[in-house]
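The values are calculated or read from the model by the stated rules, or taken from the named source; none is laboratory data. Everything quoted here is computed from the prediction, not taken from an experiment. Ideal geometry is used to build each Cβ from the backbone, glycine not excepted, and the neighbour counts take in all protein chains shown. Just so you know, the surface numbers come from the protein's heavy atoms only, side chains and all, with ligands and any DNA or RNA stripped out. Shrake-Rupley method; radii C 1.70, N 1.55, O 1.52, S 1.80 Å.
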Amino acid sequence: MNPYALSVLMSSLAIGTITTLSSTHWFLAWMGLEINTLAIIPLMTKTHHPRGTESATKYFLTQATASGLLLFSTTINAWTTGEWTITNLNPMTSTILTIALAMKLGIAPFHLWLPDVMQGLNLMTGLILSTWQKLAPMALLIMINHQLNSNLLMLMAILSTVVGGWGGLNQVQMRKIMAYSSVAHLGWMIMILTFSPTLTILNLIIYIILTTSMFMMMINLYSTSINKLATSWLKTPTLSALMMITLMALGGLPPTSGFLPKWLILQEMTKQHMGLMSTIMAMSALLSLFFYLRLSYAISLTTAPNMSNSNLTWRAQLKPMVTMPIIIILSLMLMPITPILLTII
């Protein structure tokens, strides 16, 4: 892609998100979400492949539907309350708005577009879709958290963690696995949203760090499926070992950073006397952990590499990514500074 066009699109992505984050008016927030959607579609189609076009079409239709719902609910809210302020909602419009933002984020049961769209993208666009595109809708949910229907959120949260775990079990494509991982993590975020928005923000930050480090390593290793992942140990042993630990962090194993949000969320849920919910969430996390473990075994020597007749890039030179070491360190070693993080947030 032309560097000028790419810089305009990336700037538009940033402007769209910042517009939504800084707005107090629903119409301005909607405009920011639309700029975000329109800026990422050319990035999806830049591969000039039918799968890329299919992904862009599915993404556009889903996001347009969600935007229509959002505009519909906010218009009704302005009609009934007489103002467009974000923090003033009535119960009916807050329910429609929750569904619209859930569609934008890919929260179950509105998640079906996400794996298919992710599969048609290249890894860098998949990284943007998994991380940057979650910021604006999640910021809106956090802004109106005290006016949301907590029962609806808890239902969607449990569905997301269970579907995210079950859906990833039978996948062999890395992008689809990361899509289901995203669904499961979003379930944890919205479960605690009405009780402790601070924990939702912490979970979102750690999810973005973990997903970014995972995608950066996949870009370096050219790994888009489990078969390609199986040869990565021979090409870059150090990076493969770090990828295994990052997968464990995504699964939420101590002492990695991924354990931190799950631990704090389960602790808060127990304080709120939600024993059954916290048990279901903890059990569904085991489903996600299973497919992360399967990927770890695919990376390690327990799975024989699928050798092909083509020339393999043995001991491949890594792409120069300055931020990758920092992101990997953050994804593995945030546990010891938990008290400082909680104080800051």
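If the requirement is being open to solvent by 60 Å² or more (accessible area, probe 1.4 Å), under 26 Å from K176 (Cβ atoms), assigned to a helix (DSSP H, G or I) and among the aliphatic types (A, V, I, L, M), which of these qualifies: L13, L61, L21? On inspection, the qualifying residue turns out to be L61. Restricted to the stretch 105-150, the set of helices (runs of 4 or more DSSP H) holding at least 2 residues that are in contact (Cβ under 8 Å) with a residue 24 or more places away in the chain and under 11 Å from V183 (Cα atoms) comprises 113-119.
Regarding A139, is this residue of a type outside the set (S, T, Y), assigned by the TED database to the domain that holds M216 and either within 15 Å of the chain's Cα centre (by Cα) or over 12 Å from L193 (Cβ atoms) (or both)? In short, no. Answer yes or no as to whether L186 is open to solvent by less than 30 Å² (accessible area, probe 1.4 Å), in contact with a helix residue (DSSP H, G or I) (Cβ under 9 Å, 6 or more places away or on another chain) and among the hydrophobic types (A, V, I, L, M, F, W, C). When the stated conditions are applied, L186 passes them. Screening M1 with (1) in a helix (DSSP H, G or I); (2) over 23 Å from I177 (Cα atoms) gives one miss only, at (1). Selection of the stretch 24-47 for residues being open to solvent by less than 50 Å² (accessible area, probe 1.4 Å) and hydrophobic (A, V, I, L, M, F, W, C) yields W26, A29, L33, A39, I40, I41, L43, M44.
The set of residues in the stretch 79-100 being surrounded by 15 or more Cβ atoms within 10 Å (Cβ to Cβ), more than 26 Å from the chain's Cα centre (by Cα) and of a type in the set (A, V, I, L, M) consists of L89 alone. When we screen T224, T198, T194 for residues that are open to solvent by 10 Å² or more (accessible area, probe 1.4 Å), among the hydroxyl-bearing types (S, T, Y) and touching a His at 6+ places or on another chain (Cβ under 8 Å), the only hit is T194.
Among the candidates G82, G32, the residue that is more than 30 Å from V162 (Cβ to Cβ) and at pLDDT 95 or above is uniquely G32. Counted as qualifying within the stretch 201-309 are the helices (runs of 4 or more DSSP H) with 2 or more residues that are more than 23 Å from L169 (Cβ to Cβ), namely 232-235, 237-251, 259-271, 275-299. Contact map, the stretch 327-345: residues that are touching a residue at least 24 places away in the same chain (Cβ under 8 Å) paired with residues that are surrounded by 13 or more Cβ atoms within 10 Å (Cβ to Cβ) and aromatic (F, W, Y), Cβ distance under 8 Å, separation 6+ or inter-chain. Pairs shown: M335/F259.
In this entry, G106 passes the filter for residues that are of a type outside the set (S, T, N, Q) and on the phi > 0 side of the Ramachandran plot.
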